[in-house]
Amino acid sequence: MADFDRTAYPLVINNESRPASTGETFASVNPATGEHLADIASAAPSDVDAAVAAARASFDGGGWARTNPQKRTRLLFKLADLLWANLDALARLEAREIGKAISSVKAEIMQGASELEFFAGAATKIRGETNAAPHGFVNYTHREAIGVCALIVPWNYPLMTTLRKLGPALAAGNTVVIKPASQSAMSAIVMAELAVEAGFPPGTINVITGAGSAIGGYLAAHPGVDKVSFTGSTEVGRHILDAVRHDFRRVSLELGGKSPALVFADADLDAAVPGAVWSIFYSAGQSCEARSRILVERPIYDDFVSRFAEQTARLRVGDPLNPKTQVGALISVAHRASVEAYVADGLAEGATLAVGGKRPDDPGLASGAFLMPTALADCSNGMRVAREEIFGPVACILPFEGEKEAIAVANDSIYGLAASLWTTDVARAHRVAGAIKSGVVTINQPFTVFPGTPFGGFKQSGWGREVSLDALDDFTELKSVLVYAGARPMDPFGLNG
Ligand code: NAD
């Protein structure tokens with residue numbers, strides 16, 4: 001049984017929960033209250049070596065890589081069942097750790113468990129192909145596991161992102177070392193302990209915790225790691241690339257975004273306004289695919305801004321553990337300061353404040369990292385607030401004239417993760433979806449992924465795809481086998497005479 005009430009969280013290496021070899025820990029703090037929650041083991045490089053060695057032994061020794069696909073399926077489903085059984089406790093744990101509204105956290109963990117189930121089923125369906133080859137030759141391909149995979153995860157969707165990587169990695173036969181963000185380590189540790197309970201062989205799933213720049217960097221550069229699957233900022237993504245490029249180890253990168261929502265004059269505003277509100281303020285804007293640039297066609301611009309501001313002002317901001325809360329705290333007081341600085345910068349550059357822009361009045365929230373959902377209207381795409389990822393509850397609203405300008409502004413970004421289109425013109429919806437340079441385009445609805453639908457970015461939003469079967473490709477190597485099936489011995493130099 002998982003223990004959700006403890007105040008110390010260990011490393012999980014080779015199916016053993018153990019303290020860091022140095023005995024060092026770091027604090028986990030509830031950003032909604034400032035309360036100290038627990039001490040987390042702070043791994044030393046030697047602990048990372050031990051985790052990689054355990055994963056290597058499970059891989060090379062056949063503990064996991066040679067496990068029958070059917071058994072992989074059963075174990076992954078078993079882990080998913082344990083996650084569902086502990087859903088409420090896990091959601092509470094994560095809501096306290098990252099300050100996010102518990103209703104959001106719960107939905108994310110459900111999504112993560114569902115993705116795990118999707119890949120549990122996929123473990124028995126990994127297929128190769130036969131290809132046309134010259135007479136007398138047979139060619140077939142198969143996909144094989146890469147080896148030891150480092151899964152490096154951010155704090156904004158902690159358990160969901162971990163499961164998103166774990167499912168395809170394990171389904172394909174890899175073993176893993178998970179490095180959660182320091183702000184959100186507890187749920188990954190509990191998940192790994194549940195995996196021990198489910199019966200995964202020792203060394204298959206390991207978790208190390210500690211500072212990203214030290215331990216994350218050491219793990220990414222570790223010669224015993226065959227692939228790094230990273231989700232996080234574009235800036236740290238560059239460090240990951242530096243770590244793997246010398247020996248060309250495999251890498252996939254899910255990075256930042258500055259995703260647009262395009263609202264055309266023919267849109268149904270009864271859907272577009274609440275959809276746009278949700279797509280930026282869900283997760284308090286701390287979402288890689290947050291639609292943080294809202295492009296609105298001129299004829300409906302004023303109406304849209306006033307309806308957007310009115311609905312935003314009605315969002316329930318407060319205690320993350322209250323199931324009615326819609327927007328919780330930000331990850332830290334320091335992060336809130338950075339978001340507030342962006343708001344001030346946008347106003348100084350000429351944006352107007354449509355709603356929010358301040359901390360909540362409720363004195364009960366004063367010690368937490370809260371910020372009211374904020375909309376900056378009359379932005380232009382050259383402003384810093386419209387170009388950089390703020391990663392907080394700040395929407396930038398920009399007017400546009402016509403489809404051509406909307407597409408040009410939407411694509412004028414270093415990022416290309418997601419976009420939303422709001423229009424009742426079917427032909428336009430498909431035309432614009434084709435012209436937008438992003439990995440995902442949603443039409444007349446705000447949700448970006450369901451288990452099985454691809455997720456990943458164009459441009460500086462990353463490399464690779466997750467959530468769908470494409471993720472299995474990213475966690476496998478493709479091998480081509482060429483067989484000679486002719487009647488006479490193969491003698492390319494004609495040496496047999
Ligand atoms: P981050 O890049 O600061 O950290 C991500 C992870 O990398 C953490 O575990 C951290 O400890 C570790 N890390 C930090 N420095 C490292 C280094 N030098 N080497 C190896 N690992 C290191 O990101 P964050 O602040 O935790 O998360 C927010 C960012 O993540 C945003 O930019 C957001 O857009 C991005 N994100 C992207 C996706 C996606 O799927 N595209 C999803 C969620 C978050």
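Each reported figure results from applying straightforward, stated rules to the coordinates on display, with no laboratory input. Remember, it's a predicted structure, so these values are computed and weren't measured experimentally. Heads up, the Cβs are rebuilt from the backbone with ideal geometry, glycines too, and the neighbour counts pull from every protein chain shown.
See the values below:
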{"read-out": "Antiparallel content of DSSP bridges confined to the chain, in %, to 5", "value": "40"}
{"read-out": "Ratio of the Cα radius of gyration of the range 109-174 to 2.2 N^0.38 Å, where N counts its residues", "value": "1.51"}
{"read-out": "P(r) tail fraction, the range 106-216 - alpha-carbon pairs more than 20 Å apart, %", "value": "46"}
{"read-out": "DSSP-loop GluC sites (Glu not before Pro) across the range 371-472, with at most 16 other Cβ within 10 angstrom", "value": "E388, E401"}
{"read-out": "Long-range HN-HN contacts of F458 with modeled amide H, under 5 Å", "value": "G416, L417, G439"}
{"read-out": "Global size of the range 458-497 as Cα Rg and Dmax, reported in angstrom", "value": "20.7, 59"}
{"read-out": "Rounded to the nearest 20 debye, dipole of the chain from Cβ charges on Lys, Arg, Asp, Glu", "value": "960"}
{"read-out": "Diffusion coefficient, µm² s⁻¹, Stokes-Einstein with Kirkwood Rh over alpha-carbon pairs of the range 85-145 at 4 °C and 1.567 mPa s", "value": "86"}
{"read-out": "Cross-link pairs beyond the 25 Å C-alpha cut-off, checked among K78/K165; K179/K437; K125/K459; K358/K437; K179/K479; K71/K125", "value": "K179/K437; K125/K459; K358/K437; K179/K479"}
{"read-out": "The range 7-80 pair-distance distribution - Cα-Cα, 10 Å bins, rounded %", "value": "18, 31, 29, 19, 4"}
{"read-out": "Length-normalised contact order for the range 247-369 - Cα pairs under 8 Å, 6+ apart - percent", "value": "22"}
{"read-out": "Cubic angstrom per residue, convex hull over Cα atoms of the range 53-120", "value": "93"}
{"read-out": "Average silhouette area of the range 1-152, convex hull of alpha-carbon atoms, in square nanometres", "value": "12.4"}
{"read-out": "Diffusion coefficient, µm² s⁻¹, Stokes-Einstein with Kirkwood Rh over alpha-carbon pairs of the chain at 37 °C and 0.692 mPa s", "value": "138"}
{"read-out": "P(r), alpha carbons of the range 334-428 - 10 Å bins starting at zero, rounded %", "value": "14, 41, 29, 12, 3, 0"}
{"read-out": "Relative contact order of the chain, defined on C-alpha pairs under 8 angstrom at six or more residues apart (%)", "value": "18"}
{"read-out": "Principal axis dimensions, the range 285-356 - Cα atoms, whole angstrom, descending", "value": "41, 28, 21"}
{"read-out": "Residue-wise HN-Hα coupling along the range 3-14, computed from phi with Karplus coefficients 6.51, -1.76, 1.60 (Hz; x: Gly, Pro)", "value": "9, 9, 10, 6, 10, 9, 10, x, 7, 10, 10, 6"}
{"read-out": "³J(HN,Hα), Karplus 6.51/-1.76/1.60, whole Hz, each residue of the range 484-497, x for Gly, Pro", "value": "8, 10, x, 7, 9, x, 6, 8, x, 8, x, 7, 6, x"}
{"read-out": "Calculated over the range 385-454: convex hull of Cα atoms, volume per residue (Å³)", "value": "115"}
{"read-out": "Rel. contact order, % - alpha carbon contacts under 8 angstrom, at least six apart, the range 60-116", "value": "35"}
{"read-out": "Cα lying deepest toward the dipole's positive end in the chain, options A53, I414, I189, charges on Cβ", "value": "A53"}
{"read-out": "FRET efficiency, 1/(1 + (r/R0)^6) with R0 25 Å, evaluated for T453 and V426 via beta carbons", "value": "0.75"}
{"read-out": "Mean Kyte hydropathy of -0.5 or more with a Cα span along the axis of at least 27 Å, helices from DSSP in the chain", "value": "102-122"}
{"read-out": "Alpha-carbon Debye profile of the range 366-497, log10 I(q)/I(0) at 0.13, 0.14, 0.22 Å⁻¹", "value": "-0.73, -0.81, -1.41"}
{"read-out": "Along principal axes, Cα extents of the range 150-296, largest first, whole Å", "value": "56, 38, 28"}
{"read-out": "For the range 201-277, fraction of C-alpha pairs farther apart than 18 Å, in %", "value": "57"}
{"read-out": "Inter-label distance for A89 and E401, nm, one decimal - labels placed 7 Å from Cα along Cα-to-Cβ", "value": "6.2"}
{"read-out": "Amide hydrogen neighbours beyond the local backbone of R291, cut-off 5 Å, H modeled", "value": "I280"}
{"read-out": "Sites Y484 and E235, calculated FRET efficiency, Cβ-Cβ separation with R0 51 Å, nearest 0.05", "value": "0.50"}
{"read-out": "Karplus-derived 3J(HN,Hα), 6.51/-1.76/1.60, for each residue of the range 445-456, Hz, glycine and proline x", "value": "7, x, 7, 8, 9, 10, x, x, 9, x, 9, x"}
